[in-house]
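Below is one structure, written out as structure tokens, with a few remarks after it.
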Amino acid sequence: MNFLVRMFLRSLVAALLMSSTGRAETIPADPSGTWLTENGEARIRLERCGAARDHICGFIVWMKDPLDPRGQPIRDSLNPDPEKRTRALLGHQLILGLKLTPEGRFDGDIYNAEDGKSYSVSLWRDASDRLKLKGCLIRFLCQTQTWKQTLDVQPGQLVGLTGDAGGPRADREWASLPAQAKAKSAAK
């Protein structure tokens, strides 16, 4: 089953479960899926990550303008890590292991390639097809965006699984497989 069909089915099942239980306010909705940013410039795929798959990571899987004026991929040239400065922005990880809070939100850090800095972020589903993302420079200087879920595929969009050809690349600290998957792979 291809990735897009799996993501659609997951979203559909989550929406059905939330509507049938009547407890949507008390059960945090998994934000996994592909989201169009508020300005329409990029699509971000959110997925479970970390060894126990208990965090949320996000990857740029589509950009409206992925090339610089010379026709080359736009690079992460302002990254504080010199090893990451030559990587293309398309496919890179910008949401870095958000953790579920008692309030049902996912909190952690987001990397901004436009200035090479990371910021505190909180995200949550506002509706079945809308995600709120609140980023803060400092505690009282915050901005909230609304991202819309997408189920279609645009030309140039990465649709492969994370780490595979045609998919985004996880930063080293989030690339590990869950312990069960490692054990199954070793047994084969």
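Quick rundown of the values:
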read-out: Cβ pairs under 8 Å, 6+ apart, first in the stretch 118-143 and closer than 22 Å to Gly33 by Cβ and of a type in the set (A, V, I, L, M), second part of a strand (DSSP E or B) and open to solvent by 80 Å² or more (accessible area, probe 1.4 Å); value: Leu131/Lys148
read-out: Residue count, the stretch 79-100 (criterion: surrounded by 13 or more Cβ atoms within 10 Å (Cβ to Cβ) and on the phi < 0 side of the Ramachandran plot); value: 14
read-out: Selection within the stretch 135-151 - modelled with pLDDT under 95 and touching a strand residue (DSSP E or B) at 6+ places or on another chain (Cβ under 7 Å); value: Gly135, Cys136, Leu137, Cys142, Gln143
read-out: Selection from the stretch 68-117 of residues that are within 18 Å of Arg139 (Cβ to Cβ), basic (Lys, Arg) and without any contact (Cβ under 8 Å) to a residue 40 or more places away in the chain; value: Lys117
read-out: Residue count, the stretch 19-34 (criterion: among the hydroxyl-bearing types (Ser, Thr, Tyr) and at pLDDT below 65); value: 4
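Rundown of residues vs (1) open to solvent by 40 Å² or more (accessible area, probe 1.4 Å); (2) of a type in the set (Lys, Arg); (3) modelled with pLDDT under 95; (4) closer than 20 Å to Glu173 by Cβ, yes/no style:
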position	(1), (2), (3), (4)
Met1	yes, no, yes, no
Leu17	yes, no, yes, no
Leu36	yes, no, no, no
Arg43	no, yes, no, no
Gln72	yes, no, no, no
Arg75	yes, yes, no, no
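The values are calculated or read from the model by the stated rules, or taken from the named source; none is laboratory data. Predicted model only: the values in this text are computed from it and were never measured. Every residue, glycine among them, receives a Cβ derived from its backbone with ideal geometry; neighbour counts consider all protein chains shown. Side chains are part of the model used for accessible areas, which takes the heavy atoms of the whole protein and leaves out ligands, DNA and RNA. Shrake-Rupley method; radii C 1.70, N 1.55, O 1.52, S 1.80 Å.
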